[in-house]
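Encoded as structure tokens, the structure appears first; notes follow it.
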Amino acid sequence: MREFEINLEQLSPEVTLIHVAGWLDAHTFEYMEQTVNNLFTEGKVRIAIDLSQVEYISSAGAGVFIGSLATAHERGGNIVLMNPTEPVKEVFDMLGLSQVFTFAQTKPAALTALKAAK
């Protein structure tokens, strides 16, 4: 199991990219949730989340995205998920979340999707 890691990257003045690596589960979801909530507190509501390095996600981890998406929409923003690994995509498909979230393969595609949320 890889150590859980989160890094932020500012893609544009209004879009923040969160790079996530490792396992997003019952032990780490609160850290992910706090990261997103801190962005909301700063008024940042257009968020891309890079899942290309997430090896495993539990229902608790997926729950962070559900709550965050609702908050982002309430505040006029959106969340775009980028490059989920196959195990993460399977969990999203199983939970029906693949129909709820917007997915992007590249940073420019994520930027375009998030700017459309205005």
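Quick note: the coordinates plus some simple rules give every number you see, no bench work behind them. From a predicted model like this one, the values you see are computed outputs, not experimental measurements. Note: ideal-geometry Cβ built from the backbone for every residue, glycine included; neighbour counts use all protein chains shown.
Some points to look at:
- Taking every DSSP beta bridge that has both ends in the range 1-97, the antiparallel portion is near 35%.
- Sorted ascending by nearby beta carbons within 10 Å, beginning with the fewest, D25, D93, D50 become D93, D25, D50.
- Candidates per GluC sites (Glu not before Pro) in the range 1-105, loop by DSSP, up to 12 other Cβ within 10 Å: E3, E42
- For the range 1-55, the list of trypsin sites (Lys or Arg not before Pro) that fall in a loop by DSSP and count at most 13 other C-beta atoms within 10 angstrom reads R2.
- Between the residues A116, A62, M32, the greatest Cα displacement towards the positive end of the dipole of the chain, with unit charges on the Cβ of Lys, Arg, Asp and Glu, is found for A116.
- Cα convex hull volume per residue for the chain (Å³): 88
- By definition, a body whose alpha carbon gyration tensor gives a ≥ b ≥ c is prolate when a/c is 1.5 or more and a/b is larger than b/c, and the range 31-99 fits this prolate description.
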